[in-house]
Amino acid sequence: MGPYIPLFNDLVFKYVFGSKEHVSALCAFLNAILSPLMKHRIVQVNLENPFNLQEALDEKLSILDIRATDETGRILNLEMQVAEDGRYAQRALYYACKTHAQQLKVGEDYQNLTPVISISILNWIWNPSPKLHSIFRLKEIDSHEEFPNYLEFHMIQLPFLRDKPGVFSCSVLEKWLLLIARGDDYMSQSNDETLQELIGACS
């Protein structure tokens, strides 16, 4: 096995999770992220064009790292962000809303809309509250009743992995994130077949 190439490198991240040869790894990674709120596991994804195309010349072009749809039609936007960006929340919201709006063509019914899930993996601290994985949805302020769930945001902050112990005491999601953040330190500790498949893809 050759030297390990960090997965938080943007091009490597896209190669590993955004290529058809590694769809099984992408499915496993998405299931680990979405499991707290997911009723059914993802068994299949289709990779889509990562561009949010402009409808007019003066509109802003947005480019996602990875866009996929699962077997239920949900759209999954996955981004790895290495450089700190103080406006990243606005950017994530813009990308998700634009993806949602571009689902329908003129004359199509709103019932054809499917949920958009935005997943951001940040190699910097976006929110100082020490939480590795934050999930955001639209809710009524007093009752906390959820608005129809068509937008969902997952913000994952890799720096909060620093104090994690050995890989065997970690959750499945933490194992994946440790592989992305410090893969060379954790490769020898993991025997999980899915992680080993991912290691092979980026070596």
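The values are calculated or read from the model by the stated rules, or taken from the named source; none is laboratory data. Bear in mind the structure is a predicted one, so any value in this text is a computation, not a measurement. For neighbour counting, all protein chains shown are included, and Cβ atoms are generated from backbone atoms with ideal geometry for every residue, glycine included.
Data table
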| quantity | calculated |
| --- | --- |
| Filter pass, residue 168 being modelled with pLDDT of 90 or more and surrounded by fewer than 18 Cβ atoms within 10 Å (Cβ to Cβ) | no |
| Hey, residue 129 among the polar types (S, T, N, Q) and modelled with pLDDT of 95 or more or not | no |
| Residue that is modelled with the lowest pLDDT, among those in the stretch 1-52 that are under 14 Å from the mean Cα position of the chain (by Cα), of a type in the set (A, V, I, L, M) and assigned to a loop (DSSP other than H, G, I, E, B) | 7 |
| Pair list, Cβ under 7 Å, 6 or more apart: the stretch 149-162 residue closer than 23 Å to residue 82 by Cβ, other residue of a type in the set (Phe, Trp, Tyr) and assigned to a loop (DSSP other than H, G, I, E, B) | 155/126; 157/126; 159/124 |
| Qualifying positions in the stretch 109-125 - free of Cβ contacts under 8 Å to residues at least 40 places away in the same chain and surrounded by 13 or more Cβ atoms within 10 Å (Cβ to Cβ) | 113, 125 |
| Residues (under 17 Å from residue 32 (Cα atoms) and basic (Lys, Arg)) located in the stretch 69-97 | 74 |
| Test: residue in the stretch 92-108 that is charged (D, E, K, R) and in contact (Cβ under 8 Å) with a residue 40 or more places away in the chain | yes |
| Subset of the stretch 80-96 that is among the small types (Gly, Ala, Ser) and surrounded by 15 or more Cβ atoms within 10 Å (Cβ to Cβ) - its residue that is farthest from residue 123 (Cα to Cα) | 96 |
| Residue ID - nearest to residue 177 (Cα to Cα), chosen from residues in the stretch 78-91 that are part of a strand (DSSP E or B) and touching a residue at least 60 places away in the same chain (Cβ under 8 Å) | 80 |
| Failed criterion for residue 67 (all others in (1) loosely packed, with under 12 Cβ neighbours inside 10 Å; (2) charged (D, E, K, R); (3) part of a strand (DSSP E or B) hold) | (1) |
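Here's the yes/no breakdown for (1) touching a helix residue (DSSP H, G or I) at 6+ places or on another chain (Cβ under 8 Å); (2) closer than 16 Å to residue 79 by Cα; (3) modelled with pLDDT of 90 or more:
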position: 114; (1), (2), (3): no, no, yes
position: 119; (1), (2), (3): yes, yes, yes
position: 142; (1), (2), (3): no, no, yes
position: 163; (1), (2), (3): no, no, no
position: 172; (1), (2), (3): yes, no, no
position: 176; (1), (2), (3): yes, yes, no
